[in-house]
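Everything below concerns the one structure shown next.
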């Protein structure tokens with residue numbers, strides 16, 4: 001665009017004439033305004049090509065709008081050959097002419113020679129009436145409002161993709177600026193259409209690949225199931241370890257293959273919008289504790305400590321428990337995998353503006369800033385040197401969370417660890433009413449009276465009934481006589497230690513459902529923490545005790561116990 005070209009042609013020096021100078025300035029402003037409008041419209045055309053939901057008709061309409069704005073023409077027409085199909089749009093026609101034009105183009109949709117008379121030369125050029133008649137028909141070529149036809153070939157290298165035809169009145173002449181803008185439009189239109197066609201071809205190829213993958217995955221499930229059944233049957237026939245090891249390796253490999261297949265099936269359902277959810281009321285604390293329990297063996301093997309930080313009295317959620325369990329397992333498993341020995345993984349949940357926010361925080365190396373935008377992309381993995389998994393885990397997590405109406409994101413500081421958050425809408429039920437409830441019985445077990453006194457002072461509340469025991473035997477006896485909402489047991493007790501107490505409690509039908517919180521002085525020892533969870537612990541506290549953490553953890557299990565028994569939780573004043 002050369003905004004001063006009109007002025008130079010009309011008044012090179014201004015001749016010192018104020019009136020001529022004013023005219024020149026007006027022409028310059030007009031040219032500048034046209035350039036700005038052209039830039040806006042052509043940018044819109046290119047942006048339309050980038051939109052995934054854009055159609056070819058959207059691009060054709062955008063092209064006609066820009067032509068109309070620049071040429072101030074009576075009729076505008078754009079024709080494209082798309083494979084075996086001819087796509088044409090026109091503007092400036094009345095209803096009758098539009099109908100006739102559409103019928104004429106439809107009749108010629110199979111004419112491979114339609115664009116053969118269009119010059120491959122770039123740039124705006126005049127077009128004779130016979131040539132227009134051959135392209136668009138007699139009625140269009142001899143339209144009463146048009147005296148001059150111009151053609152703008154849309155060429156990509158030597159290939160003619162289409163043509164833009166411009167019909168002008170006899171008195172309308174295009175300025176040098178108008179021609180420059182229309183020629184620029186031609187190159188931009190070619191860019192937009194080429195990108196649109198390439199993107200559509202790529203999307204068709206991806207859909208074809210995904211459909212083939214879906215078929216292959218489905219066909220692999222049956223033979224894999226036969227392998228698993230056969231190897232498990234074979235394993236039962238061997239007692240000695242040397243003979244069992246090869247079979248166990250086959251079973252583990254089959255399980256791994258099954259997990260890959262389930263990942264591929266899940267990602268296919270997510271991307272095809274076929275993910276179904278079986279919603280039911282779920283307690284967030286229950287969900288978190290179950291996911292942590294399933295990852296304890298992995299944490300023990302990696303010498304990583306798992307901890308919880310769940311807010312008490314969280315509202316329930318309507319969700320697919322199995323799928324959310326998978327989300328948590330994946331996030332906790334990733335956190336363990338990328339946290340070094342002796343590190344810590346914390347799983348927490350809190351309430352935020354009508355939704356539950358769950359997070360998994362680790363003390364690992366963190367994620368480099370350049371990798372952060374890609375962590376939820378499918379087939380992306382954090383390490384290119386050592387691929388672990390299919391790279392679909394976080395993509396599946398994102399799909400499951402978003403299907404529940406939530407969102408998922410990550411925050412990371414290199415060298416300080418990563419926290420992945422996700423939200424799930426809380427149930428629509430109203431807040432719990434403050435109602436009188438039966439005091440919750442809490443069992444405190446420690447061989448030192450001063451420790452029991454300290455615990456009692458921390459937990460002394462009207463809604464709690466605190467029951468103390470100074471030995472493992474006494475604790476078991478009390479558990480047989482009275483139901484407890486939660487038990488806090490010191491690990492290092494003489495005689496029957498805390499882990500043995502827990503094992504015995506879990507062996508008795510009456511007491512096996514009591515949640516156990518261990519109290520230990522070895523909170524930084526992954527082996528000690530793993531033994532506590534293996535013995536049936538639901539959580540643990542580390543000495544010296546933090547009063548607020550003690551109250552928070554106990555409140556979570558008391559709240560769960562009341563919900564399971566059908567009592568209304570008491571809201572804190």
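Counting each DSSP H run of 4 or more residues in the chain as -39500 (n - 2.57), what helix-only mean residue ellipticity at 222 nm follows after dividing by all residues, to the nearest 500 deg cm²/dmol?
-16000 deg cm²/dmol
May I ask for the angle, rounded to the nearest 10°, between helix 547-565 and the longest principal axis of the chain, with both axes built from Cα atoms and the value confined to 0 to 90°?
Roughly 90 degrees between the two axes.
Give the calculated FRET efficiency between residue 257 and residue 521 to the nearest 0.05, with a Förster radius of 45 Å applied to their Cβ-Cβ distance.
Efficiency computed from Cβ-Cβ geometry: 0.55.
Listing 336, 250, 516 from the residue with the fewest other Cβ atoms within 10 Å to the one with the most, what is the order?
Values: 336 24, 250 17, 516 27.
The order, fewest Cβ neighbours first, is 250, 336, 516.
Say each of residue 534 and residue 119 gets a label point 7 Å from the Cα, pointing the same way as Cα to Cβ; how far apart are those two points in nm?
For residue 534 paired with residue 119, the spin-label model returns 8.6 nm.
Hey, fewest Cβ within 10 Å first, where do 362, 210, 84, 559 land in order?
By the 10 Å Cβ count, ascending, the order reads 84, 210, 559, 362.
At 7 Å along the Cα-to-beta-carbon direction for both residue 218 and residue 380, put a label point, then send me their distance in nm to one decimal.
Roughly 3.1 nm, to one decimal.
When only C-alpha pairs under 8 Å and at least 6 residues apart count, what is the relative contact order of the chain, in percent?
Relative contact order of the chain: 9 percent.
Rank the residues 108, 323, 51 as a footprinting-exposure proxy: fewest other Cβ atoms within 10 Å of their Cβ go first.
So the ranking, lowest neighbour count to highest, is 51, 108, 323.
Given R₀ = 35 Å, FRET efficiency for residue 99-residue 44 by Cβ-Cβ distance, to 0.05?
Efficiency, from the Cβ-Cβ distance: 0.80.
Give me the angle, in degrees from 0 to 90, between the Cα long axis of helix 449-459 and the longest principal axis of the Cα atoms of the chain, rounded to the nearest 10.
40
If I fit a long axis through the Cα atoms of helix 321-337 and take the longest principal axis of the Cα atoms of the chain, what angle between them do I get, 0 to 90°, rounded to 10?
Taking the Cα atoms of the chain, the angle to 321-337 is about 90 degrees.
Let me understand the stretch 440-565 better: what is its radius of gyration from the alpha carbons, and its Dmax, in angstrom?
When restricted to the Cα atoms of the stretch 440-565, Rg and Dmax are 13.1, 37 Å.
Considering the Cα positions of the stretch 206-271, please state its Rg to one decimal place and its Dmax as a whole number of Å.
In order Rg, Dmax, the Cα atoms of the stretch 206-271 give 15.3, 50 Å.
What's the center-to-center distance, using Cα atoms, between the stretch 99-168 and the stretch 284-356 in Å?
If we compute the Cα centre of each part, the gap is 65 Å.
Could you tell me how far the Cα centroid of the stretch 396-427 sits from the Cα centroid of the stretch 216-239, in Å?
Using only Cα atoms, the two centres lie 35 Å from each other.
Quote the relative contact order of the stretch 204-332 in percent (integer), defining contacts as alpha-carbon pairs under 8 Å separated by 6+ residues. List each step's numbers first, then the result.
Numbers: 77 pairs, mean separation 32.4, N = 129.
Over the stretch 204-332, the number comes to 25 percent.
The numbers here are math on the coordinates, done by the rules we state, and not lab data. The shown structure was predicted, so the numbers you read here are calculated from the model rather than taken from an experiment. With ideal geometry, Cβ positions are generated from the backbone for all residues, glycine too; neighbour counts draw on all protein chains shown.
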